[in-house]
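Have a look at the structure below, then the notes.
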Amino acid sequence: MGLPVIDLARAADDADGVAAAIDAAARADGFFYVVGHGVPAGLCAGLEAAGRRFFGLDLAARRRVAMAVGGRAWRGWFPLGGELTSGQPDAKEGYYFGADLPPGHPRVAAGTALHGANLYPAEVPELARLVPEYTARVAEVGQTVLSLMARALGIGDDWFRGGITADPTVLFRIFRYPPTDGTGADWGVAEHTDYGLLTVLHQDDHGGLEVHSRDGWVEAPPIPGSFVCNLGDMLERLTAGAYRSTPHRVRNRSGGERLSFPLFLDPGWDEVVRPLPGTARIPRRRPRWDEAEPLAWEGTYGDYLTAKVARVFPDLFRTL
């Protein structure tokens, strides 16, 4: 059975029904598609074309916007194999973006990791226009999904937007996966979970995303006009395990290069995410891939995220 497809446009007439569908998906496998989201198809197509132009640049041009240039902002390009999952290089290259913050912003001035200005290549100037527009629109899709989750959880539609995502941590990536031979030795990204609340993913028409569902590994193929949503560790923590941060992975066997565009809508940097009052811890159905336990975490979301990203880019982290 495939992952559920939820039409957000229906919420205008049946918010309770759409909220119930999201809640059911969150309690089942933590992965679902959304359609009727209102993000223009042309915006996604334009960003995809710009991403392909960027990854088609020569190495010298890509290096001019490398993550080392971005410093503690952790923005910019990394090469094939430059990101690690469980200590192993991924078979992908990518480009990191986030909120575009000026030097005078308090966290930038303090040298806080993952805060600062985006890097944009002069050779693909449209990225400087498309990335902020796409990020704003898709973050709003994420806020809508979280509002419907809050309705289903009985905590009020504005619980997230008026609280832990009032000033969210929003990170955006463009990933390029070259084709693999299907032997299993070259995962685009190996089994992992996401760190925050909600990931909203646009993928091109090359498949490869796999989800560890209740029934084992299942594919999450591209559906035109949709986003894939999946839950992160902080939603698992917030609901004491009722919602799960589901492992997933990517292997591109399509024969062509695969681009994906994940946006991570996460708690505010200084927010401390605790289980909702009255929630009883729900035992895990199976051990996590990394044997970690998000429900045991204590501290701010910024601390959690920094520790996770430091493992993904250990060499860069040591130089900062």
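The values are calculated or read from the model by the stated rules, or taken from the named source; none is laboratory data. Quick caveat, the model's predicted, so the values are computed rather than measured. In this analysis, Cβ positions are derived from the backbone assuming ideal geometry, glycine residues included, and neighbour counts consider all displayed protein chains.
Can you go through Val250, Val309, Val228 and tell me which one is surrounded by fewer than 20 Cβ atoms within 10 Å (Cβ to Cβ), touching a Phe, Trp or Tyr at 6+ places or on another chain (Cβ under 9 Å) and either basic (Lys, Arg) or in contact (Cβ under 8 Å) with a residue 12 or more places away in the chain (or both)?
Working: Val250 fails: surrounded by fewer than 20 Cβ atoms within 10 Å (Cβ to Cβ); Val228 fails: surrounded by fewer than 20 Cβ atoms within 10 Å (Cβ to Cβ).
The unique qualifying residue is Val309.
List, please: which pairs have Cβ atoms under 7 Å, are six or more places apart or on different chains, and start with a residue in the stretch 285-298 that is touching a residue at least 60 places away in the same chain (Cβ under 8 Å) and end with one that is of a type outside the set (A, V, I, L, M) and part of a loop (DSSP other than H, G, I, E, B)? From the stretch 285-298, the pairs are Trp289/Pro247; Asp290/Ser86; Pro294/Ser245. With respect to Leu148, is the statement that it is touching a helix residue (DSSP H, G or I) at 6+ places or on another chain (Cβ under 6 Å), modelled with pLDDT of 95 or more and over 29 Å from Asn118 (Cβ atoms) true? Judged against the criteria, Leu148 is a match.
Taking the criterion of being without any contact (Cβ under 8 Å) to a residue 60 or more places away in the chain and under 30 Å from Asp215 (Cβ atoms), the only residue of the stretch 26-53 that qualifies is Gly36. In the stretch 1-91, counting only helices (runs of 4 or more DSSP H) that sit wholly within it, the ones holding 1 or more residues that are in contact with a Leu (Cβ under 9 Å, 6 or more places away or on another chain) and buried (at least 20 other Cβ atoms within 10 Å of the Cβ) span 11-28, 41-55, 67-70.
Conditions (1) at pLDDT below 90; (2) under 19 Å from Asp90 (Cβ atoms), marked per residue:
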{"site": "Arg237", "(1), (2)": "no, no"}
{"site": "Ala242", "(1), (2)": "no, no"}
{"site": "Pro247", "(1), (2)": "no, yes"}
{"site": "Val250", "(1), (2)": "no, yes"}
{"site": "Phe261", "(1), (2)": "no, yes"}
{"site": "Phe264", "(1), (2)": "no, yes"}
{"site": "Gly268", "(1), (2)": "no, no"}
{"site": "Ala280", "(1), (2)": "yes, no"}
{"site": "Pro283", "(1), (2)": "yes, no"}
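Within the stretch 92-129, the residues that satisfy the criterion of being crowded, with 19+ Cβ neighbours inside 10 Å and either of a type in the set (Gly, Ala, Ser) or within 22 Å of Thr193 (Cα to Cα) (or both) are Lys92, Glu93, Gly94, Tyr95, Tyr96, Phe97, Gly98, Ala99, Leu114, Gly116. Each residue in the stretch 249-268 was checked for being farther than 15 Å from Gly232 by Cβ and of a type outside the set (S, T, N, Q), and 10 pass.
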